[in-house]
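Okay, so here's the structure we're looking at.
What follows is calculated from the coordinates using simple rules that are stated; it is not laboratory data. The structure displayed is predicted, hence computed values, not measured ones. We place every Cβ from the backbone using ideal geometry, glycine too, and count neighbours over all the protein chains shown.
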Amino acid sequence: MTLILNESDWDELYEQAPITCPDNLIVDEFEALTGVPALLGQGYSRGMELSSGVWLNFNDVEYHQDFISKTLAHDHPIQIGVFLSGSFCCDIHTTFDETHSYFSGSGISPGYAEIYRAGQRFTCINVEFEPSVVDSFLMGDSPSWTLRERQQLSDLVRQLFQGEDWKVAFYPTVTPAIRAIAQQMWNAPYRGELKRLYLQAKVMELLVIYLDLISDHSKQTRGSGLRPETIACLHHAKEILDTRLENPPSILELAQLVGLSDRTLQRAFRELFGTTVFGYLRDRRMEQAELLLRNRTMCVSQVAHAVGYTHLGHFTAAFKRKFGMTPKQCQRGAVNAWM
């Protein structure tokens with residue numbers, strides 16, 4: 001049976017969670033350990049505030065219970081997540097694992113569901129920044145900057161600081177440099193304040209790498225001829241589709257919601273994301289359907305309905321085209337035939 005937990009359920013369980021960690025784990029005074037509820041699994045999270053507005057967490061957890069944790073829409077900080085082992089599924093994002101990381105700007109995050117399975121174990125690091133911290137880092141004006149460098153900085157600011165709009169997220173490939181820094185942080189060779197200083201430096205090194213990665217992304221989108229304002233509208237359109245898989249808006253309604261014409265929405269969406277609006281929606285529906293089927297808490301017809309299909313035959317055909325297997329085969333544990 002899969003448990004469904006809301007935010008208050010989650011908080012209540014974690015208040016009494018036992019801490020299970022290696023006997024040789026050394027924790028400094030500025031670090032705090034939290035555990036995993038015995039109902040769900042075992043493991044620990046080692047968290048710390050490295051400096052004002054900068055938080056770092058190391059997580060090593062293993063779950064013994066299938067469960068889904070639901071979170072409502074909320075203000076979101078700037079965030080970096082890197083997995084050293086295992087994987088993690090969220091219904092509005094790609095799967096995070098040792099090859100796909102997470103970099104999110106600040107703004108409003110839509111509600112989402114995190115999906116965990118019995119036997120799942122992962123180790124990861126998570127860094128969160130108050131937007132003002134990164135803003136002060138980026139806006140330290142230098143008279144030696146060229147016009148091109150100032151343009152790149154302007155694009156970064158637009159992407160990372162969305163204010164009351166939907167946040168923009170990226171899923172960079174975990175490069176050898178990113179993985180090396182994450183491992184160095186996990187195995188910091190110092191103790192006490194030297195350790196804190198070392199981790200501060202590594203976090204800033206990691207931030208610079210991710211800023212450079214999205215700067216390259218920004219240069220590519222400038223080459224497409226799309227204005228930054230249009231790009232922000234397109235990311236907003238993606239977020240709306242992600243949160244309305246069961247009952248998506250029409251093209252005209254979606255265009256009105258994000259402030260574009262329907263023709264601009266369709267043309268620019270394909271130019272930026274390499275797929276049509278309907279193609280993106282279909283792929284997200286299939287990815288969500290696969291997660292629900294593998295959780296084995298719903299029958300195939302219920303899953304079809306949950307992702308917006310009223311005709312079971314159409315759902316089965318679309319699922320087989322996407323994954324090379326039927327929904328029933330997926331539910332029984334088959335693997336993606338196209339991988």
Inset, instruction - Rounded to the nearest 500, what is the 222 nm mean residue ellipticity of the chain from helices alone, with -39500 (n - 2.57) per DSSP H run of 4+ residues and division by all residues? - result: -14000 deg cm²/dmol
Inset, instruction - May I ask you to evaluate 6.51 cos²θ - 1.76 cosθ + 1.60, the Karplus curve with θ = phi - 60°, for each residue of region 20-25 and list the ³J(HN,Hα) values in order in whole Hz, giving x for glycine and proline? - result: 10, 9, x, 4, 8, 6
Legend entry - Long-range HN-HN contacts of MET298 with modeled amide H, under 5 Å: none
Inset, instruction - Using the Karplus curve 6.51 cos²θ - 1.76 cosθ + 1.60 with θ = phi - 60°, work out ³J(HN,Hα) for each residue of region 240-247 in order, rounded to whole Hz, and write x for Gly and Pro. - result: 4, 4, 4, 9, 10, 5, 6, 9
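Per-residue counts of other Cβ atoms within 10 Å, averaged by peptide: what ranking do you get for 201-214, 233-246, highest first? Working shown, then result.
Numbers: 201-214: 17.0, 233-246: 19.4.
For the peptides 201-214, 233-246, the packing ranking is 233-246, 201-214.
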Legend entry - In Hz, Karplus ³J(HN,Hα) per residue of region 266-277 (6.51, -1.76, 1.60; θ = phi - 60°; x = Gly, Pro): 5, 5, 6, 4, 5, 5, 7, 9, x, 8, 7, 4
